[in-house]
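Report on one structure; see the data block that follows.
The values are calculated or read from the model by the stated rules, or taken from the named source; none is laboratory data. Every value quoted in this text rests on a predicted model; they were computed, and no experiment measured them. Every residue, glycine among them, receives a Cβ derived from its backbone with ideal geometry; neighbour counts consider all protein chains shown. Accessible surface is based on the protein model in full, side chains and every heavy atom, while ligands, DNA and RNA are left aside. Shrake-Rupley method; radii C 1.70, N 1.55, O 1.52, S 1.80 Å.
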Amino acid sequence: MASREGRRRGHELVPLAALISREMKNEKMEKPSVRYGHAAQSRKGEDYFLVKTDCHRVPGNPLSTFSVFAIFDGHNGNAAAIYTREHLLNHVLSAIPRGLGREEWFQALPRALVAGFVKTDKEFQSETSGTTATFVIVDAWTVTVASVGDSRCILDTQGGGISTLTVDHRLEENVEERERVTASGGEVGRLSIAGGAEIGPLRCWPGGLCLSRSIGDMDVGEFIVPIPYVKQVKLSNAGGRLIIASDGIWDALPSEMAAKSCRGLPAELAARQVVKEALRTRGLKDDTTCIVVDIIPPENSPPPSPLPKKPNKLRAFLFRSKSRDSANKLAKKLSAVGIVEELFEEGSAMLAERLGDEERAGQTTSGIFTCGVCQADLAPSEGISVHAGSIFSTSSKPWQGPFLCAGCRNKKDAMEGKRPSGVA
């Protein structure tokens with residue numbers, strides 16, 4: 001179940017000193033260290049990756065540092081992968097309101113990721129190139145993952161439990177996505193050869209793409225959407241290992257085998273070992289890229305406590321959904337027994353559902369509104385509610401925000417099959 005998203009705040013200006021003071025009060029000094037490694041073998045030259053470990057929630061405040069790790073697996077050329085690597089992070093950060101505290105920032109992040117993915121897709125001009133995107137933000141113990149396509153991110157915890165933090169958007173394997181594509185006007189079927197025989201995986205026509213979500217691919221149709229599946233979790237004080245990789249890895253290795261093959265190795269050697277194991281199993285049939293990220297507890301952190309004797313009082317699930325207003329006492333118990341908390345999960349492809357219901361969302365202190373996707377300034381008479389005319393909206397108030405500019409509204413209508421792709 002998806003947790004309730006935090007409210008989107010106005011872009012109000014808050015003194016830097018006040019933000020730093022707030023961060024110092026909220027930030028635990030015992031932050032984990034983050035180590036990473038990368039390895040790749042190229043066949044087509046269409047895999048790209050991003051590693052950035054010096055991002056800041058509050059400019060100039062070293063306590064607000066977070067890291068970004070991402071893989072972009074391009075197809076029909078590398079243009080979409082390169083463009084997404086260069087622009088996606090900035091688009092996501094520009095969609096987060098200023099002046100937010102740490103917890104508010106985490107709550108705003110899922111919506112900002114949706115806006116950033118859609119804006120990147122909207123501004124990419126190529127007609128044929130496309131890319132997957134698996135985009136991971138690590139901030140202390142909190143991990144947020146947004147993904148479209150079939151690149152994958154898994155979490156290997158200290159106890160040996162493997163959890164997948166992404167959803168594969170392959171038409172062959174995802175029934176819900178097949179139904180959404182056909183409902184939006186796409187056709188799903190296999191490649192036909194002479195004699196009427198059908199071969200290969202399910203594809204979307206026109207175009208023949210095997211994926212239902214990506215960035216780019218304008219020639220296929222805008223029902224191939226860039227709206228990401230987003231999952232946010234909080235690790236226990238035992239830490240964990242993330243393995244982020246393109247399908248060149250996952251087509252060769254199950255998640256459990258990939259994690260097991262590199263346990264006990266430092267991150268750099270672990271990434272090389274995963275790639276080596278994939279090549280040994282399947283050969284180099286596709287670009288093969290892997291990033292391993294270790295989230296390591298401080299040396300003086302107490303080890304995780306043993307599980308409670310009465311499991312009926314605190315069920316030892318690997319993941320446990322927890323609403324954002326749950327008591328801190330429960331959070332401490334979960335961390336003590338090594339449980340990973342699920343803070344947020346949402347995979348809907350409907351933009352109105354993902355941007356939420358906010359009467360003042362996107363409004364600045366000057367009274368000017370901003371587009372909920374591209375952040376363009378809007379006069380009050382220019383904005384079109386994301387809910388207006390949408391049968392998918394949970395809101396019955398078409399005047400309720402977030403608001404979209406005309407270009408982003410056209411993009412939304414095309415993704416929902418309300419107009420042909422490319423027609424304004």
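Brief remarks on what is shown
- A 1.4 Å probe run over the protein chains yields, for the range 200-283, 32 Å² of accessible area per residue, whole-number rounding.
- Summing Lys and Arg as +1 and Asp and Glu as -1 over all other residues whose Cβ lies under 12 Å from the Cβ of Val167 gives a net charge of -3.
- Average accessible surface for the range 22-150: 37 Å² per residue, computed with a 1.4 Å probe over protein heavy atoms with every protein chain in place.
- The range 200-279 shape via C-alpha gyration tensor axes, a/c threshold 1.5: oblate
- Taking amide H as placed 1.01 Å from N in the peptide plane, the amide H of Asp251 sits under 5 Å from none that are at least 5 places away or on another chain.
- Two-decimal Rg/Rh across the range 52-180, once Rg and the Kirkwood Rh are taken from alpha-carbon atoms: 0.99
- Global geometry of the range 98-167, whether rounded, prolate or oblate, following the gyration tensor of its Cα atoms and the 1.5 cut on a/c: oblate
- Distant-in-sequence amide contacts of Glu172, defined by a placed amide H-H separation under 5 Å and a gap of 5 or more residues or a different chain, comprise Leu202.
- Among 92-98, 340-346, the order from most to least packed when residues are scored by Cβ within 10 Å on average: 340-346, 92-98
- Computed from the alpha carbon positions, the gyration tensor of the range 159-310 leads to an equivalent ellipsoid with semi-axes of 37, 20, 13 Å, biggest first.
- The portion of the accessible surface of the range 26-117 made up by carbon and sulfur, rounded to a whole percent, is 46 (1.4 Å probe; DNA, RNA and ligands excluded).
- Considering only Cα atoms, the convex hull volume of the range 178-247 works out to 133 Å³ per residue.
- Sorting 246-255, 161-170, 54-63 by their mean Cβ neighbour count within 10 Å, with the most densely packed peptide first, gives 246-255, 161-170, 54-63.
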